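Chemist: Would you mind keeping the following structure in view while I ask a few things?
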Amino acid sequence: MSLLATVAAQVAETSSGSTGEQVLFWIIAPLAVIGALGLVTSRKAVHGALFLAVTMVGLAILYIALEAPFLGVVQIVVYTGAIMMLFLFVIMLVGVDASDSRVETIRGQRAAAAVAVVGVVILLASVAGRAALPDPAGTADAAPEGNVYGIADLLFGRYVWAFEVVAAVLITAAVGAMVLTHRERISRRLSQRELAEKRFREGDPRQAAGLPPPGVYARHNAVDTPALLPDGTPAESSVSQVLVARGATRPPEEFAADIDQIGGDAGIDEAGPTSDDAPPGGEPPGSDARGVAGPSGPASAGTDEDAGDNDQPGSGDGGAAR
Amino acid sequence: MNPTSYLVLATLLFTIGAAGVLLRRNALVAFMSVELMLNAANLAFVTFARMHGNLDGQIVAFFVMVIAAAEVVVGLAIIVMIFRTRRSASVDDASLLKL
Amino acid sequence: MNSINSLSQGFAVQADVVRADTVQVVQEASGLFSWTWLLIALPLVGAAVLLLGGRRLDRTGHLIGSAAAIGSFVVAVALFIALLGESGGERSYLVPLWEWFNAGGYEVRVDLLLDQLSMAFVLLITGVGSLIHIYSIGYMEHDERRRRFFGYLNLFVASMLLLVLAADYLILFIGWEGVGLASYLLIGFWQHKPSAAVAAKKAFVVNRVGDMGMVLAIASMLVVFGSSSFEVVFAGAGSGVTTGWLNAIGLLLLLAACGKSAQFPLQSWLLDAMEGPTPVSALIHAATMVTAGVYLVVRSAAIYDLAPEARTAVVVIGAITLLMGAIIGCAKDDIKKALAGSTMSQIGYMMLAAGLGPAGYAFAIFHLITHGFFKANLFLGAGSVMHGMNDEVDMRRFGALRAAMPVTFATFALGYLAIIGLPPFAGFFSKDKIIEAAFAENILIGICALLGAGITAFYMTRVMLLTFFTSKRWADDAHPHESPRVMTWPLIGLGALSVAGGAGLLYIGGGIVDWLEPVTGEEHHDLPLPLALLIALTLTTVVAGVALAWFMYQRRPVPAVAPAGNPLVTAARRDLYGDAVNEAVLMRPGQYLTRSLVYVESRGVDGAVLGAANAVGGLSSRWRRWQTGFVRSYALTMLAGAGLVVIAMLLVRLP
Amino acid sequence: MTFPWLTTLIAVPALGAALTALVPAGRGRLAKQVAIAFSLVTLAVAIAVIAQFELGGDRYQLAEQHVWIEPLGIHWALGVDGIGVALIALTAVATPIVALAMWPEAEAERRDPKPFFALLLLVEGMILAAFLAKDLLLFYIVFEAMLIPLYFMIGMYGGPQRRYAALKFLLYNLFGGLVMLAAVIGIYVQSVDAGNPSFLLTDLMALDIGADAQRWMFLGFMLAFAIKAPLWPFHTWLPDAAAEATPSNAAFLSGVADKVGTFGMIALAVPLFPVAARDFAPVIVVLAVISIVYGALLAIGQTDMKRLIGYTSISHFGFIVLGIFALTDRGATGATFYMVNHGLSTIALFVVVGFLISRRNSRLVADYGGLQKPAPKLAGVFLFAGLSGLALPPLATFLSEFLVIAGTFERYRAAAVIATGGIVLAALYILWLYQRTMTGPVRDDAAGTRDLGRREIAVVAPLIALILAIGIFPRTVVDVIDDGVGPTLAEVEVDVPPPLVTVNDLVEGNDQ
């Protein structure tokens, strides 16, 4: 803070018609414009946010140069510190890597926007440029005790009502944000028992015992690998949907070599999977071959030991597959 | 230093922000562009405050920042909500006003 | 009671008419005369009781109704006797009841005017009305709605009495419409017959056309006199009103009279009105209501006296209708329709007489009363025949009934002799007077009247022969029998009146002409030929008519189905194309107009509005496309708008 | 301070509407009872108001005036003159009758009856306020606001096309109201220019407005009133609304609510803009005559009974407007009298047709026939209502119709003659309707038709009694109306030609 204050003081000293301020301006202003252009042109929102941060910091510096050190600080603290962070959080939430397509979907929007924007630039700039503006009077007279004091004086004096109202607005906004993002539970949370009953009543009875756990192999145990069904096909439902969506699953074939090798070691018949055609006695008659029921159900822990030592009739196929 | 340069800068930033709103479909980017426009306005306020030797402009800029903060909170909440239901952050997808 | 004070000055202010020497004084009623309202109240209460009383009065309703009518007749007789006790110029009483309203200086009082003219009518209405009530007890015996029938009859009697007792045209109009309503209800009494319902509606609507004339006549009186009371109007008529106005009022009143009295060109409803029960035809469509038009003209004497063109119109209308009705009467096989044609014709006589002015007013009323007697008699006789013949009306299915129903035959014959005007029956005196007056006025009119008398003799003889003489042509299941006494006694009463009514009215106590003279004035024109010759001429014509009918119907067999006749017969059978003309000129274009207006309404008027709505809708659905729903488009618009605002501010240099 | 009778008169139905609305859901019967009770209390207050009215007293009696919005000169100003008394009486009498007639209608549409009855009372309050308002803006507000409850009454209950009809009703009237608003602002600007910003009618009538300005503003007012009343060619909403609304609602709409339009003509448009009223009178008279004939002809061409009655109303409104713009004492008195009588007779007609429809569930004439036999009372009442519709003397409608014709005849002879043709057409459409529904052979499916029940008799009996009583003893009513019409027409300053012959002098002269 003290550092900033001194910078501000120095700038202020050299302010009136000083070259110092001009230098500062001509350094900061292009940066700010570049930041702004970067915001508009970057394909990824994250990049845009960072560009905007640059602009805002630049503006903060300009504020200080414009004898508004308090605002400069607030700009950094509130804007770059709080608001931009909020933006970044939301960007994270929405998806960092999603990048926008540059194809314009609304017909004529780009051309019309260009015309409008250029028009407004010319209009405003010409107004600003043609106006015969006096040299700045400086705020020293208005705030003899310093900028912060001056602002505080006004804020808690003349503008105290507005200040209070703004406080109310902020509270309201906070509550509003909570209300908006809050998802109202429209029905009672189901108990575990009810969930279980529901599963039996409504769900596929073959999944009544729960979805199969992912592939658990003698040497490999991973959530990204599907389990194998008795016929040797991978059980899609044994892998988390999220991983499927991300394409982060691994097909079991990758381990086929190892499996084969182990199978050979154990002296189990290669044709093991074909026993699927004649299900063992443990299987309920008429059960669909693609059913997932037995093999992995009991192997709830999904550990090597369980799978390896499993002797039960129902899990025989699973063992055979390995 | 003459305020004109600052004003021209403010103008530029404002229109760049406007262009961002007009051209970007990502709601977050559009929203940030709005923030940029607010900042440009703030710059003009601060410039004029200095020109007139009067702190009122700075006070207005201050309030703009506060209101912007409130606005960002609510706006982002809305964007999050829309994203939740529609799986999209594109402003063009939220076109239910049509028909 | 300022308004009663006066005298009808106007009665005496006549330009070219010799009026009574004594000025008729209208006095405020006192004593017995202040009970005049009972005349109306009795049948009115009777109607209210019968119509609101419900089914518990079904068994006594006819008695209550008849009692009300007879009670009214008793009051009428009492009043008549009291009136006879007064001297000639003081027989006019005004009975004030209440002030009806006073709007913008236009005051109408509900007053009753009892003078010689209204007294004559009151006696006719209550007398004949009572007889017909009694007759109806028998005639309607088997009708389950007899109570209601008597209620309607009472309503009619009350309205008709109000019509003739009113002292203000607007009050008269209430009675005028009241009898129209009663007529509507009674023509359509057998509502389950669509033909009856249609006939009732037709009668009402055609009467309404006449009512237009009445309404406009009263409106004209307001413009001219500022009032519609007889007193003011009659007084004012002689005090400098232009003949144009008086003619206009006279013609408008004539239009009203044409509607009510079935005169050309509004005659078409009367023949259809025979759909009603026969007592109704006798009372309303022969004896009383249809003569209201004649009453109106005679009552408005003060106006017609000074409106020569209007009077001429009355004469012409009367003459046309006289001949039309007679011709139609010749061709009808339906006994009631033949009589209805006769009624039209006889009312034509009355109108003709009324149109002759003071020379004819009294004779018009005279004929009106005698006609009331004999025509009611004839209709009731026809009803009696129908009653005995299973409600058969076709005369080609009658024949030789004189033996089967002797009383009916005898009374019908008296009525027949009266109507064809053989002395000394009633019709002779009254009709002969009219023919005389017509000849005195204009030879052409006289010839029309004379011709009418001949045709009357022809068609009435035809009715008589076809019904009571010739051969039996009855339907197989017909067992003609005489009607019960409750029906024959009224017939006998009316038959007696048909015989004696004419001479009695003309000669007893100065006669009807003197009686009416204070109201109607008196005037004599010289006949162009000797009176005796004229009477002889008339009687010759009548005998010729009778003889022709005799040769045509008694000497030749009567076919059961009407043979095709010459064009005149065909035209007469079809009411001289009155309905056809109405249909072609009014009904069809009206239907077309209505239908096309419905089209114009939905396509034109409403269509314009809906079209505008659709245009706006189309425009907005086009403009709606600007609302793409894309935030960015809106933002662009906002930016452009903000830019425009800035430009505008720069241009107009707003602070 | 005297008791604010007029405010009470407005407040009672409004309170009744609120209380009816507060009746718990599902207790429709209680809601109806509350509504009818309040409509009866309103009637009692109205009787109290009328009892205090003095003939020949101040022009606006029982006046109340409180500043509402001072800088704009807006007042809560109420007062009543003869015209107002007549229409208040009509409204107060009609509402309980209509409410009783409505009894089963909401259920027939399987809807909650509560809003129906609450809205009815609300509209009653607004209509009364319109008749009492002596501040133009107050009038305008209630004039427009009553559209909303009426919109819902038509749109929520009624026939299959009810939404279309309700929307049409609303759009037509809103459009008229919008134009009128411009005129209201216009006259206010005039009063501002005159240095005394005020919406009080008394102030506005005292203004001296230029002829051109008067014409424009008059047209603005007349458009709104001509749509409301309705006058050809602004009438097409009425047949639709009449056909689609429930019968008693249609009765209330054309019998009572539309009278605000004709009331506005005689009590606002004419006295506020006398010069323009004089100038435009011939045009409006022509439109009125067209309305009379056109409405009657279209009534003859209808197949839907309610639509038919809707068109008869257009014809009758033509008579009312004709009487007003004849600008004669008799005409205006007759027209105002007609407003009352048309209200009663139209309500009777609609209500009786409602009885018919409730029996056979059809609005088409062709579906009826021969009902006279199984239901004689119904037929009798129907005929009576019809006869009152065709202005048969001595029923109340006759005198008013006659006064209108006579008053018009004093100034516009041709118009009066054509209008008289309306009485023939009236006989045609009424008797045609009666003939086809009630007479003829009894149809097989109609043999068991119910005759009138006790509630139905209770609905029509007061109407019949009133129509008869006013017809036979019209004097008091006419006096009261004449008392209000006189000063209103005095604003217009047109001279009515005196009778060509003044017989009274002559008669009295002879008396001496």
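The values are calculated or read from the model by the stated rules, or taken from the named source; none is laboratory data. Model, not experiment: these values are computed from the prediction. Cβ coordinates were reconstructed from backbone atoms using ideal geometry, including for glycine residues, and neighbour counts include every protein chain displayed. Heavy atoms of the whole protein, side chains included, go into the accessibility calculation; ligands, DNA and RNA do not. Shrake-Rupley method; radii C 1.70, N 1.55, O 1.52, S 1.80 Å.
Chemist: So how tilted is helix C:406-420 from the main axis of chain C? Cα-based, degrees 0 to 90, rounded to 10.
Modeler: Helix C:406-420 and the main axis of chain C meet at about 80 degrees.
Chemist: Moving on to the next point. Report, by chain and number, residues whose modeled amide H sits under 5 Å from the one on C:D334, excluding near sequence neighbours (fewer than 5 apart, same chain).
Modeler: Counting only residues 5 or more places away or on other chains, the set is C:M395.
Chemist: Then there's this: Quick one: which residues, 5+ away or cross-chain, put their amide H under 5 Å from the amide H of C:D111? H built at 1.01 Å from N.
Modeler: When sequence neighbours closer than 5 places are left aside, the close amide H contacts are C:L97, C:A167.
Chemist: Let me ask you something else. Please compute how much accessible surface disappears when B pairs with C, both sides summed, using a 1.4 Å probe, and round it to the nearest 100 Å².
Modeler: Interface area, both chains combined: 1000 Å², rounded to the nearest 100.
Chemist: Which whole-Hz couplings ³J(HN,Hα) result when phi for each residue of region D:399-408 is put into the Karplus expression 6.51 cos²θ - 1.76 cosθ + 1.60, θ = phi - 60°, listed in order with x for Gly and Pro?
Modeler: With the stated coefficients, region D:399-408 comes to 4, 5, 5, 5, 4, 4, 5, 5, x, 5 Hz.
Chemist: Using only the alpha-carbon atoms of region C:269-319 as identical scatterers, what base-10 log of I(q)/I(0) does the Debye formula give at q = 0.14, 0.21 Å⁻¹?
Modeler: Listed by q, the Debye log ratios stand at -0.48, -0.78.
Chemist: Say each of D:V192 and B:M81 gets a label point 7 Å from the Cα, pointing the same way as Cα to Cβ; how far apart are those two points in nm?
Modeler: Roughly 4.2 nm, to one decimal.
Chemist: With contacts defined as alpha carbon pairs under 8 Å and 6 or more residues apart, what's the relative contact order of chain D in percent?
Modeler: 15 percent
Chemist: Mind ordering D:162-174, C:369-381 by average Cβ neighbours within 10 Å, highest first?
Modeler: C:369-381, D:162-174
Chemist: Which pairs in the list C:K202/D:K377; C:K336/C:K375; D:K259/D:K306 are over 21 Å apart, alpha-carbon to alpha-carbon?
Modeler: C:K202/D:K377
Chemist: As a check on your grasp of the helix formula, calculate [θ] at 222 nm for chain D: sum -39500 (n - 2.57) over DSSP H runs of n ≥ 4, divide by the residue count, round to the nearest 500.
Modeler: So the calculated ellipticity at 222 nm is -24000 deg cm²/dmol.
Chemist: Now for a separate question. What's the total accessible area buried between chains A and C, using a 1.4 Å probe, rounded to the nearest 100 Å²?
Modeler: 800 Å²
Chemist: Under 5 Å between amide hydrogens, which residues at least 5 positions from C:F101 or on another chain qualify, with H placed 1.01 Å from N in the peptide plane?
Modeler: C:V108
Chemist: Let me ask another. I'd like the GluC sites (Glu not before Pro) in region C:98-207 restricted to DSSP loop residues with at most 13 other Cβ atoms within 10 Å, sorted by number.
Modeler: Filter output for region C:98-207: C:E141, C:E144.
Chemist: May I pose another question? At R0 = 22 Å, how high is the FRET efficiency between C:N390 and D:A447 if r is their beta carbon distance? Nearest 0.05 is fine.
Modeler: Step by step, r from the Cβ atoms, then E = 0.25.
Chemist: Give the peptides D:263-270, C:439-446, D:143-150 in descending order of average Cβ contacts within 10 Å, highest first.
Modeler: D:263-270, D:143-150, C:439-446
Chemist: What FRET efficiency comes out for the pair A:V127/C:Q627, r = Cβ-Cβ distance, R0 = 45 Å, nearest 0.05?
Modeler: E between A:V127 and C:Q627, to the nearest 0.05, is 0.90.
Chemist: Quick one: what are the phi-derived ³J(HN,Hα) couplings along region C:380-387, Karplus 6.51/-1.76/1.60 with θ = phi - 60°, whole Hz, x for glycine and proline?
Modeler: Values, residue by residue: 5, x, 4, x, 5, 4, 4, 4 Hz.
Chemist: Summing both sides, how much accessible area is buried between B and A? Use a 1.4 Å probe and give Å² to the nearest 100.
Modeler: The contact between A and B buries close to 6800 Å².
Chemist: In peptide D:489-498, what is the residue-averaged number of other protein chain Cβ atoms found within 10 Å of each Cβ?
Modeler: 1
Chemist: Determine the shielding of peptide A:29-37 by partner chains: average, over its residues, the number of Cβ atoms on other chains within 10 angstrom of each Cβ.
Modeler: For peptide A:29-37, the averaged partner shielding equals 5.
Chemist: Just to confirm, what accessible area per residue do you get for region C:296-441 at 1.4 Å probe, in whole Å²?
Modeler: 18 Å²
Chemist: Another question, if that's okay. On the full set of protein chains, 1.4 Å probe, figure out the accessible area of B:V80 and give it in Å² to the nearest 10.
Modeler: About 20 Å², ignoring ligands and nucleic acids.
Chemist: Ignoring everything except DSSP H segments at least 4 long, calculate the 222 nm mean residue ellipticity for chain C; use -39,500 (n - 2.57) per segment, divide by total residues, nearest 500.
Modeler: That calculation yields -22000 deg cm²/dmol at 222 nm.
Chemist: Using a 10 Å cut-off around each Cβ of peptide D:227-233, what is the average number of partner chain Cβ atoms that fall inside?
Modeler: Mean inter-chain Cβ contacts per residue within 10 Å come to 1.
Chemist: Hey, which lysines would be in cross-link range of C:K201, C-alpha to C-alpha under 16 Å, not counting anything within fewer than 8 residues on its own chain?
Modeler: Partners found: C:K193, C:K260.
Chemist: Another question about this same structure. Could you state the angle between the C-alpha long axis of helix B:27-52 and the longest principal axis of the C-alpha atoms of chain B, as a value from 0 to 90 degrees rounded to the nearest 10?
Modeler: Orientation of helix B:27-52: about 10 degrees from the principal axis.
Chemist: Give me the 1.4 Å probe accessible area per residue for region D:425-487, excluding ligands and nucleic acids, in Å².
Modeler: 41 Å²
Chemist: In the protein assembly as shown, what percent of the accessible surface is made up of carbon and sulfur (1.4 Å probe, ligands and nucleic acids excluded)?
Modeler: Exposed carbon and sulfur together represent 65 percent of the surface.
Chemist: While we're looking at this one, here's another question. Just to be sure I understand the model, the point goes 7 Å from the Cα along the line to the Cβ. What's the resulting A:V165 to A:A137 distance in nm?
Modeler: 2.5 nm
Chemist: If you don't mind, another one. So for each of D:208-215, C:465-472 I average, over its residues, the number of other beta carbons within 10 Å; can you give me the resulting order with the highest mean first?
Modeler: Result, highest mean first: C:465-472, D:208-215.
Chemist: Got a sec to turn the phi values of region A:125-142 into Karplus ³J(HN,Hα) couplings, 6.51 cos²θ - 1.76 cosθ + 1.60 with θ = phi - 60°, whole Hz, x for Gly and Pro?
Modeler: For region A:125-142, the Karplus curve yields 5, 5, 4, 5, x, 7, 5, 8, 8, x, 5, x, 7, x, 9, 4, 5, 5 Hz.
Chemist: For region D:1-80, report the accessible area per residue in Å² (1.4 Å probe, heavy atoms, rounded to an integer).
Modeler: In whole numbers, region D:1-80 has 53 Å² accessible per residue.
Chemist: Give the separation of the Cα centroids, region B:37-87 to region D:268-337, in Å.
Modeler: The distance from the Cα centre of region B:37-87 to that of region D:268-337 comes to 63 Å.
Chemist: Further, regarding this structure: Please compute the modelled spin-label separation between A:D231 and C:A413, points set 7 Å along Cα→Cβ, answer in nm with one decimal.
Modeler: Once both label points are built, they end up 12.3 nm from each other.
Chemist: Put +1 on the Cβ of each Lys and Arg and -1 on the Cβ of each Asp and Glu in region C:197-275; which of C:A257, C:A200, C:S229 then has its Cα farthest toward the positive end of the dipole?
Modeler: The Cα lying farthest towards the positive end belongs to C:A200.
Chemist: Assuming R0 = 60 Å, what is the FRET efficiency of C:N442 and C:A560, from their Cβ-Cβ distance, to the nearest 0.05?
Modeler: My answer for the efficiency is 0.85.
Chemist: Using the alpha-carbon atoms, what tilt in degrees (0 to 90, nearest 10) does helix C:61-84 show relative to the longest principal axis of chain C?
Modeler: 70 degrees
Chemist: Okay, moving on. Would you report the distance distribution of C-alpha pairs in the protein assembly as shown as whole percents per 20 angstrom bin, up to the bin with the largest distance?
Modeler: Per 20 Å bin, starting at zero, the Cα-Cα P(r) for the protein assembly as shown comes out as 8, 24, 23, 17, 12, 11, 5, 1, 0 percent.
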